[in-house]
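J.: Structure in structure tokens, see below.
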Amino acid sequence: MKVVKVTGGQRLDLIGVKKEDLPSVWEELDMPSGYAYAKSLRTVKTCVGSEFCRFGTQDSMGMGAFLEEKFERLDFPAKFKMAVNGCPRNCAESCTKDIGIVGNDGGWEIFIGGNGGTKARLADSFCKVKTDEELIELCGA
């Protein structure tokens, strides 16, 4: 049995496809292979943000896509997860990611060190920034 599943992290799971067949499947779909098991940045989880939510104060989808593209395919010592929320309601669960970003009326708040695994840990508030440029610079650092 083969199943295609859209995940909460905006990935496509190709369940039941043999590992050796994956490169040809991705080529046929004209899509890059993801990094679901690599020691790298996973897809950046986002909520729908200001584009589609009445509570959204920031463009979380746009920022999440930008950060993912900027940092994709970099090698890390371990898997690395990020999430971007458009408001403090936490729909993208940024409080349980390595870097969690929360939009507010004055800019962005950055959280670090969260974990959603078997030993769950809420991220610590790191700082608040006012501009997208500051956010990108600190995430890169």
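The values are calculated or read from the model by the stated rules, or taken from the named source; none is laboratory data. Everything numeric in this text was worked out from a predicted model, so none of it was measured. A quick note on method: Cβ atoms are made from the backbone with ideal geometry, for glycine too, and the neighbour counts reach across all protein chains shown. Accessible surface areas use protein heavy atoms only, side chains included; no ligands, DNA or RNA. Shrake-Rupley method; radii C 1.70, N 1.55, O 1.52, S 1.80 Å.
For every residue, the table says whether it meets (1) out of contact with any Lys or Arg (no Cβ under 7 Å at 6 or more places or on another chain); (2) closer than 18 Å to ALA141 by Cβ; (3) modelled with pLDDT of 90 or more.
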residue: VAL3; (1), (2), (3): yes, no, no
residue: LEU14; (1), (2), (3): yes, no, no
residue: TYR35; (1), (2), (3): no, no, no
residue: ARG42; (1), (2), (3): no, no, no
residue: ALA65; (1), (2), (3): yes, no, yes
residue: CYS87; (1), (2), (3): yes, no, yes
residue: ASP105; (1), (2), (3): yes, no, no
residue: PHE111; (1), (2), (3): yes, yes, yes
residue: ASN115; (1), (2), (3): no, no, yes
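J.: Let me ask something else about it. Considering only residues that are of a type in the set (Gly, Ala, Ser), more than 15 Å from the chain's Cα centre (by Cα) and open to solvent by 30 Å² or more (accessible area, probe 1.4 Å), which ones fall in the stretch 40-77?
T.: Residue satisfying the conditions is SER50 alone.
J.: Condition first: open to solvent by less than 70 Å² (accessible area, probe 1.4 Å), under 17 Å from GLY86 (Cβ atoms) and free of Cβ contacts under 8 Å to residues at least 40 places away in the same chain. Now tell me which residues in the stretch 124-141 satisfy that.
T.: If the condition is that a residue be open to solvent by less than 70 Å² (accessible area, probe 1.4 Å), under 17 Å from GLY86 (Cβ atoms) and free of Cβ contacts under 8 Å to residues at least 40 places away in the same chain, then VAL129, THR131 are the ones that fit.
J.: Here are the criteria: (1) over 22 Å from GLY49 (Cα atoms); (2) touching a residue at least 40 places away in the same chain (Cβ under 8 Å). Tell me which single one GLY117 does not satisfy.
T.: All conditions pass for GLY117, except number (2).
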